[in-house]
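Structure first, commentary second.
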Amino acid sequence: MTKKGNDHVHTEITQAPFGTLPDGRQVTQYTLANAAGMQVKVLDFGGIINEIHVPDREGRMADVALGFDRLEPYLADSPYFGALIGRYGNRIAKGRFTLDGKQYVLATNNGANHLHGGNQGFDKVLWTASRGDDGLTLRYRSPDGEEGYPGNLDATVVYSLNDDNEIVVRFEAVSDQPTPVNLTQHSYFNLRGAGASDVLGHEMRIDADAYVPIDAGSIPLGPLAPVAGTPFDFRQPRPIGSQIGVDDDQLRNGGGYDHCYVLNRPLDDGQGDARALVRALRVREPQSGRVLELLTQEPGVQFYSGNFLDGSLQGKGHTYAYRGGFAIEPQHFPDSPNRPEYPGTILRPGQVYRTESRFRFSVD
């Protein structure tokens, strides 16, 4: 996998056991540390980022990633905390799509729809991990027919941490049959510290003039819609909670924000490495001064405001309350295999799927 740009990667990677799967296989936690003192902890199970330690404006460190300190909750009802998502991030309507004249039926694990790869998506498998000069490499072969998808898909993800406090996530995949691919990273963040508060006071800017409206089942209605004049307009920074409670059909359908934003870049069907990295969004937490920016080659980003967190999940000494974290998932649009008007997500034999995203931490 090719490195891009001048990443100043001098990452120290250590490892420790993190538990045992029911079949006896061992799960390992890898700790990436940079010269600035930032640490990121990653599991080979699900490719899960389960800790991110970054400083506030006074230099005080805190873990800003929602997650668990034991394996068992990740095996049960974790809402994709920190996980790699595949083969297809987001939803596919009714768990069905037609490709080259053949209909495929996927697992339906979100009401009548398919979500985040199905019952055992990439978040629920043990990846093969290796440490290298450019970071932690994870590999997984998704066999033909897994969760209903065609073709053997070989996926590779590289996590690296550079000295600019960027978590760089690079995806690569090849397949021996045409198949939909839409890989993403699903960390939940709270820049005050995991479990510290809700995230409604975080100030967000999203560089998007349009978004994807959804029905009550969170399936796209089809046409893209302008954010102007709606509660979805984050083109200027404002608190996440400033309009989350207004009377709006789209907010009702999502239970809050759970929508894909169309980033301000040309929409094309090119592979990820043919597109420039653009800034998707910036989030600032006023009390701590911590800032998170997302840069991506993807055409969209799913912004989720933690609407289904309800205080029932606990981890790392914290209770994860309602809207206690937000997710920002760089990706193609939901239900794209059934929407020819959206940027394409079909990977064919001989092609290489590549895409990169960067989660950049700083203080203000």
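The values are calculated or read from the model by the stated rules, or taken from the named source; none is laboratory data. It should be emphasised that the depicted structure is a prediction, and the values quoted were computed from it without experimental measurement. Positions of Cβ are generated from backbone atoms using ideal geometry, with glycine treated the same way; all protein chains shown enter the neighbour counts.
Given the stretch 20-92, what strands (runs of 3 or more DSSP E) lie entirely inside it while holding 2 or more residues that are modelled with pLDDT under 95? I'd like the intermediate steps shown before the answer.
Values: elements: 26-33, 39-43, 49-55, 61-63, 83-85.
Fully inside the stretch 20-92 and qualifying: nothing.
Any idea which residue in the stretch 127-149 is surrounded by the most Cβ atoms within 10 Å (Cβ to Cβ), counting only those that are farther than 27 Å from N165 by Cα and of a type outside the set (F, W, Y)?
S142
I'm trying to understand the selection: among the residues of the stretch 111-126, which are crowded, with 21+ Cβ neighbours inside 10 Å and either under 30 Å from Q39 (Cβ atoms) or aliphatic (A, V, I, L, M) (or both)?
Residues of the stretch 111-126 that are crowded, with 21+ Cβ neighbours inside 10 Å, as a first pass: 114-118, 121-123.
Result: L115, H116, G117, G121, F122, D123.
Would you check if there is a residue in the stretch 68-91 being touching an Asp or Glu at 6+ places or on another chain (Cβ under 7 Å), exposed (fewer than 15 other Cβ atoms within 10 Å of the Cβ), of a type in the set (G, A, S) and more than 20 Å from F189 (Cα to Cα)?
Kept after step one, since they are touching an Asp or Glu at 6+ places or on another chain (Cβ under 7 Å), are these residues of the stretch 68-91: 80, 83-85, 89, 91.
Going one step further and asking which of them are exposed (fewer than 15 other Cβ atoms within 10 Å of the Cβ), we end up with none.
No.
Do we find a residue being part of a strand (DSSP E or B) and not small (G, A, S) anywhere in the stretch 143-151? It would help to see each step written out before you state the result.
Step one: filter the stretch 143-151 for residues part of a strand (DSSP E or B), giving none.
No, the stretch 143-151 contains no residue that is part of a strand (DSSP E or B) and not small (G, A, S).
I'm trying to understand the selection: among the residues of the stretch 335-364, which are out of contact with any Asp or Glu (no Cβ under 7 Å at 6 or more places or on another chain), assigned to a strand (DSSP E or B) and within 24 Å of N152 (Cα to Cα)?
Residues satisfying the conditions are I346, L347, E356.
Can you find a residue that is under 25 Å from G95 (Cβ atoms), in contact (Cβ under 8 Å) with a residue 24 or more places away in the chain and crowded, with 16+ Cβ neighbours inside 10 Å anywhere in the stretch 236-250?
Scanning the stretch 236-250, I find at least one residue that is under 25 Å from G95 (Cβ atoms), in contact (Cβ under 8 Å) with a residue 24 or more places away in the chain and crowded, with 16+ Cβ neighbours inside 10 Å, so the answer is yes.
Which fully enclosed strands (runs of 3 or more DSSP E) of the stretch 182-283 have 1 or more residues being of a type in the set (A, V, I, L, M)?
Working: elements: 184-186, 203-206, 208-211, 258-263.
Result: 203-206, 208-211, 258-263.
In this structure, is E298 outside any loop (DSSP other than H, G, I, E, B) and either more than 20 Å from H53 (Cα to Cα) or charged (D, E, K, R) (or both)? Reasoning before the result, please.
Working: outside any loop (DSSP other than H, G, I, E, B): no; either more than 20 Å from H53 (Cα to Cα) or charged (D, E, K, R) (or both): yes.
So E298 does not fit the description; no.
Where residues in the stretch 317-337 are buried (at least 17 other Cβ atoms within 10 Å of the Cβ) and under 21 Å from L75 (Cβ atoms), which of them is farthest from the chain's Cα centre (by Cα)?
H318
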